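Novice: After the structure tokens below, expect a handful of questions from me.
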Amino acid sequence: MQNKLSFYILTDTHYLSEAMWEEGESINNREKGDQIAIKCTPYVLRSFLNKIIQDKETPYVIITGDLINNGDRQSHEDFKKELKLLTDAGKTVFVTCATHDYAGLGDDENIFHPVYYKKDGCIPAERVYKTELPSLYYDFGHKYADSIDEESGSYSVSFPGGFRLIAIYDNGNGRSHCGLFDNGFAWLENELKKANENSETVFLAVHHPVIPPWQVYCDVAEFEMFGGYKRLREIMCEYGVRVIFTGHTHVHGIKEYKNGNGRSFYDITTSALPAAKGRMRKVVFDKTEGSCTVESISIDRIDGYDTGGLSAEEYIYRLNFGGLIENSLPLAKTDYEAFIENISHVFNPSVLKKHPFAAKRLISVFNRLRMSTVAAFAGKYADITKGDKLRLKNVYVKTVACCVLAHVFSGDAPYYPDTAEYKVISGAINKAVRLAKRFGYDIDALVPGSRTALETANDFLYNTRTGNDSYIKFFLED
Ligand SMILES: [Fe+2]
Ligand SMILES: [Fe+2]
């Protein structure tokens, strides 16, 4: 066992203490259309922790930030009680914190402000500030560290068998820079140098991504990346660090980075725990085999929470923005007011309110549109089999669109280039680009970054990462 290290990795638990809300409009509106199901976060967390506690073979747990949702003290205190269940069961827990874990100071860019959700509105709650976090979580981090970067709170821990975790606290202003500054990078490089001299196998854990789940994420919102991600990539390659575990994007994904010298590493990002397909990962490093294996583990039920008989995934999906849109589309015909109300939790419905007749007609057409019609527009009928032609007559475009939407965060979207759906969608995109050009519009140029509309769409239609977002086994030597 000395040659092995195994641990669970969780992220973006977004815990909200039950003591922080009362049943009513304000909490329910907060929950609708988000990426997570905020009210049941304590129960989702407990359900996963129960699984971890049952596994007597795995001694460590790592959680990479956005531990709680809104920077309030009560949620941190209750969250720590949950972590104590793990330590009482003999596990050692390591956390890092992120922007949801502390309140903005007013002079930084952190937008999170702790509130108590009363029936009909919110009132301010006691704040936790960024500088407090490392000591607040001393028992779940610094207590075990043999080196700490005082500026950021990042820390380094060694494990029996020659393994080392470097847990990075994102420093910065809470929005446009969440990463390390020069001193932090110097500390990190020094830790990596020492680890290499001692032949340790090093892995990193941090909240913000070092490789984006899709290129457009980086092109549209580079500030959501780890501050200094390009520098960190090269440092990882230089020192032979093969893996970094991240969160923040709420995407379940595994992506590889290769630098110009052929050195590479993986950014393994894990979905938010209280998302519809929320999962944790179990990681096993094996020095004898020279490998690292990462698998994903979900829960079927939310222990102790009334979901009306639904599975965890079914219950949360109805609240998440994808499920809210999918379930609201039929309402556009039968109850337009309710449709607008639901949609308003996802985006601004002012256009839909201003032009109700046109909007209803358009949504009605969209609700009835089938993939065979899109295939006819794309001129793709010749490329697909007879069986698929028949099948697509019964496949609604909205079903395909909602499927793509549902996989944005859960990963492993199903429409690979050999599927009829992909041929139809890609054909339609290419035709739309060609048609727009005739009218003087360059759709490809409007897409952020340097990639075409189709290249950007591909990232959402199928797995353009490593091909499997749930599982990987890779070698520790590059
Ligand atoms: Fe998050
Ligand atoms: Fe985050």
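Novice: Report relative contact order for the range 101-178 in percent, whole number only (criteria: Cα-Cα under 8 Å, sequence separation at least 6).
Specialist: 23 percent
Novice: Then there is this: Determine, for M20, M280, the number of other Cβ atoms within 10 Å of each Cβ, and report the residues in order from fewest to most.
Specialist: In order of increasing Cβ crowding within 10 Å: M20, M280.
Novice: While we're looking at this one, here's another question. Could you tell me which of the pairs K386/K431; K56/K255; K32/K118 are separated by over 19 angstrom between their Cα atoms in the structure shown?
Specialist: K386/K431; K56/K255
Novice: May I ask which residue of S350, M371, N327 lies farthest towards the positive end of the charge dipole of the range 327-387, with charges of +1 (Lys, Arg) and -1 (Asp, Glu) on Cβ and the Cα centre as origin?
Specialist: Value computed over the given set: M371.
Novice: Would you mind ranking D101, D418, D78, D72 so that the residue whose beta carbon has the fewest other beta carbons within 10 Å leads the list?
Specialist: Ascending Cβ contact count within 10 Å gives the list D418, D78, D72, D101.
Novice: Considering the Cα trace of the range 116-273, what is its radius of gyration and what is Dmax, both in angstroms?
Specialist: Taking only Cα atoms of the range 116-273, I get Rg and Dmax of 16.8, 60 Å.
Novice: Rounded to the nearest 500 deg cm²/dmol, what is the calculated helix-only ellipticity per residue at 222 nm for the chain, with -39500 (n - 2.57) per DSSP H run of length n ≥ 4?
Specialist: It lands at -11000 deg cm²/dmol.
Novice: So how do T385, T64, T270 line up by other beta-carbon neighbours within 10 Å, fewest first?
Specialist: T385, T270, T64
Novice: Here is a further query. When only DSSP loop residues count, what trypsin sites (Lys or Arg not before Pro) in the range 245-315 have their Cβ near at most 15 other Cβ atoms within 10 Å?
Specialist: R301
Novice: Cross-link candidates for K258: which aspartates and glutamates have Cα within less than 16 Å, leaving aside residues fewer than 8 places away along the same chain?
Specialist: E234, E238, D267, E477, D478
Novice: For the range 312-461, what does the relative contact order come out to in percent, with C-alpha contacts under 8 Å and a separation of six or more?
Specialist: So the answer I get is 19 percent.
Novice: Another question, then. Alpha carbon centre of the range 258-284 versus the range 180-204: separation in Å?
Specialist: 20 Å
Novice: For the cross-link pairs K39/K130; K333/K398; K130/K230, which exceed 20 Å when the distance is taken from alpha carbon to alpha carbon?
Specialist: K39/K130; K130/K230
Novice: Students often forget the sequence filter, so: which aspartates and glutamates lie under 19 Å Cα-Cα from K423 once same-chain residues fewer than 8 apart are removed?
Specialist: Straight-distance partners of K423: D383, D388, D412, D444, E455, D459.
Novice: Oh, and also: Mind checking the dipole of the chain: about its Cα centre, +1 per Lys or Arg Cβ, -1 per Asp or Glu Cβ, Debye to the nearest 20?
Specialist: 2280 debye
Novice: May I ask for the net charge around T58, where only other residues with Cβ less than 11 Å from the Cβ of T58 are counted and Lys, Arg are +1 while Asp, Glu are -1?
Specialist: +3
Novice: As I understand it, the dipole of the chain uses +1 on the Cβ of Lys and Arg and -1 on the Cβ of Asp and Glu, about the Cα centre. Which of P209, S17, Y137 lies farthest toward its positive end?
Specialist: P209
Novice: Sticking to Cα atoms, compute the Rg of the range 312-461 to one decimal and its Dmax as the biggest Cα-Cα distance, whole number, in Å.
Specialist: Considering the range 312-461 through its Cα atoms, Rg and Dmax are 16.7, 48 Å.
Novice: Give me the distance between the Cα centres of the range 112-130 and the range 368-386, rounded to whole Å.
Specialist: Measuring centre to centre over Cα atoms gives 51 Å.
Novice: Right, here's the next one. For the range 4-305, what's the relative contact order in percent, using C-alpha pairs closer than 8 Å and at least 6 residues apart?
Specialist: 21 percent
Novice: Here is a follow-up. Give, rounded to the nearest 20 debye, the magnitude of the charge dipole that the range 404-476 has about its Cα centre when Lys and Arg contribute +1 at Cβ and Asp and Glu contribute -1 at Cβ.
Specialist: Rounded to the nearest 20 debye, it is 260 debye.
Novice: I need two numbers for the chain: Rg to one decimal and Dmax as a whole number, Cα atoms only, in Å.
Specialist: When restricted to Cα atoms, the chain yields Rg and Dmax of 23.5, 70 Å.
Novice: Pull out a ≥ b ≥ c, the square roots of the eigenvalues of the alpha-carbon gyration tensor of the range 197-291, then state rounded if a/c is under 1.5, prolate if not and a/b is larger than b/c, and oblate in the remaining case.
Specialist: In terms of gyration-tensor shape, oblate.
Novice: Which of L310, Y239, H76 sits closest to the plus end of the dipole of the chain, meaning its Cα is farthest towards the positive end, when Lys and Arg get +1 and Asp and Glu get -1 on the C-beta?
Specialist: Of L310, Y239, H76, it is L310.
Novice: Dipole size in debye (nearest 20) for the range 2-139 around its Cα centre, Lys and Arg Cβ +1, Asp and Glu Cβ -1?
Specialist: Dipole size: approximately 500 debye.
Read the figures in this text as sums done on the coordinates, not as results from a lab. None of the values given here were measured: they were computed from a predicted structure. Counting neighbours? That spans all protein chains shown, and the Cβs are built from the backbone with ideal geometry, glycine included.
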